[in-house]
Amino acid sequence: MQRYSLTAIILHWAIAALIAFQISVGWALEGLGARGFSLYQLHKSVGIMILALTLVRVAVRYWKPRPAKLEGGWQGALASGVHLGLYAFMIAGPLTGWALVSTAKVKVPTLIFGAIPLPHLPLPASVHGLAKGSHGLIAWIGIALVALHVAGALRHHFLMRDGLIWRMVPGRSTALLIGLPALILVGFLAGRAILPGAAPASVAAPAPVAPEPIAEPANVAEATPENVVANAIAEPVEEAAGPPPAWTVQPGGRIGFSVGNDGETISGSFGKWTAAIVMDPDHPDSADIKVTIDMASASVGDAYKDGMLPGDEFFSIAAHPTATFTAKGAERTGPNAYRARGLLSLKGISKAQSIRFTLTGEGPTRKVSGSATIARASFGVGNGDSSTGLAPQVALTFAFTAKAPQ
Ligand code: HEM
Ligand code: HEM
């Protein structure tokens, strides 16, 4: 009997297993808070991969035509309808996921498998609810279609005994007949196994490039209460019990950095930055942090060295005037100590980065101080001849006072 091309068969089972993984992880995402950061990234990465594989699969379908239909009548039409529905699911599932991420109030950047930035789709924020609702619903429709699809395959195999199932299994191998569908179960169980609660050693962290994070604020004007609050209000966090407070950074804060250079230490600071911080210290999962640093405001107190910082060897300020650190959710590491794992975008490169910080004081005024260690080379900072003696890690420290509305 004629069968599908090997490419179509491999894609069929690989996509089926990946979909099972997606559904398994997807259902757990919402409850994970900060611990879910890397799982969100993984879910988004695998989802976009499914979209890409599906497009290849559709192309293969035209390039290597499928075997002729075995059955006509309403059953044949139903089978074709279910196949069409499955393709629609395989495309609409990822697209609605992409749309919901693109329209969320908190724009969390997506790095596919930690490497390829995924742009946000140019969609109005008003479609967020629709995209989110459809994404969950489409998964259920997909499950229903797969159930019909499997029922059809079993009907052919056990009732009609027409060998149709071998069209999707290479070499009439009984081992593959069991093993390939079993991949779907493996995909689902793999999704369960890597959930932070179930297996803490696995994906709980976004594999930070450096041991510590970087918190970077920064930005253009001084950290004026207006823009900080405006940003904060614009990005509420849905999971918090009540709305977590938006903190206003008070003037006088500092973000400094230091790095070893041939036995000496070069220290400096950023003069201009802003931080939009929403966080309930008792529920750090609620944190939503965005720090923007005006890279042109960097100074190490030495006119000659300062003159080098804007250039391509260091910050490439003309192309990348700001650096940002964004984190959704933080975790408590001590009584007043926290860690936020997020994304640092510096010199056009975005990488996982975590920052540590402590909060001192009570009530609506807190002192915030913290640090991060940045692997500068992974952002292309210090990539030229004058940087040969520069240590690979840059220590970042920050301290400021923040006030919450009374
Ligand atoms: C998430 C799970 C699955 C998805 C998304 C899926 C999707 C699809 C699609 C879109 C086709 C149509 C191929 C084409 O003609 O272009 C197809 C064909 C087929 N699938 Fe699946 N499938 C899944 C799971 C399964 C399972 C579990 C089985 C077997 C138990 C199975 C057996 C088959 C067979 C035998 C065909 C060929 C039908 C024919 O020759 O007319 N599939 N599948
Ligand atoms: C075939 C591919 C995909 C499948 C089967 C899938 C499935 C799911 C499922 C079942 C959920 C849980 C929905 C709920 O609880 O209501 C979910 C959530 C989510 N998915 Fe996907 N997904 C896919 C692709 C994507 C892609 C490509 C993205 C983004 C680029 C994405 C982003 C998300 C996000 C952000 C959530 C959490 C939504 C929320 O906060 O309610 N998904 N996904």
Study note, to complete from the structure: Correct semi-axes for region 23-172, from √(5λ) of the alpha-carbon gyration tensor and rounded to whole Å with the largest first, are 35, 16, 15
Review point. Which length gain, in nm to one decimal place, applies between Ser258 and His320 when the Cα-Cα distance is subtracted from 0.36 nm times their residue separation?
Key: 20.2 nm
Exercise for review: Would you kindly state how much longer the chain becomes between Trp27 and Ile349 on full extension, computed as 0.36 nm times their sequence separation minus their alpha carbon distance, in nm to one decimal?
Suggested key: 112.9 nm
Exercise for review: Mind checking the full-extension length gain between Ala144 and Thr397? Use 0.36 nm per residue of separation minus the Cα-Cα distance, one decimal, nm.
Suggested key: 85.8 nm
Check your understanding: Where does the chain land on Rg/Rh, using Cα atoms and the Kirkwood Rh?
Key -> 1.08
Study note, to complete from the structure: Quick calc, Asp312 & Ser378: beta-carbon distance into FRET formula, R0 22 Å, rounding 0.05, result 0.85
Check your understanding: Classify region 225-403: rounded, prolate or oblate, from the alpha-carbon gyration tensor (a ≥ b ≥ c, eigenvalue square roots; a/c under 1.5 rounded; otherwise prolate if a/b is larger than b/c)?
Key -> prolate
Review point. For the chain, list the DSSP H helices whose alpha carbon atoms reach 27 Å or more along the long axis and whose average Kyte-Doolittle value is -1.0 or above?
Key: 6-29, 37-63, 73-102, 128-154, 174-193
Practice item. Restrict the search to region 276-385; then list the GluC sites (Glu not before Pro) that DSSP places in a loop and that have at most 10 other Cβ atoms within 10 Å of their Cβ. Key: Glu362
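Just so you know, all these numbers are worked out from the coordinates, no wet-lab data involved. Please read these numbers as outputs of a predicted model, since none were measured by experiment. Note that we place each Cβ from the backbone using ideal geometry, even for glycine, and neighbour counts take in every protein chain shown.
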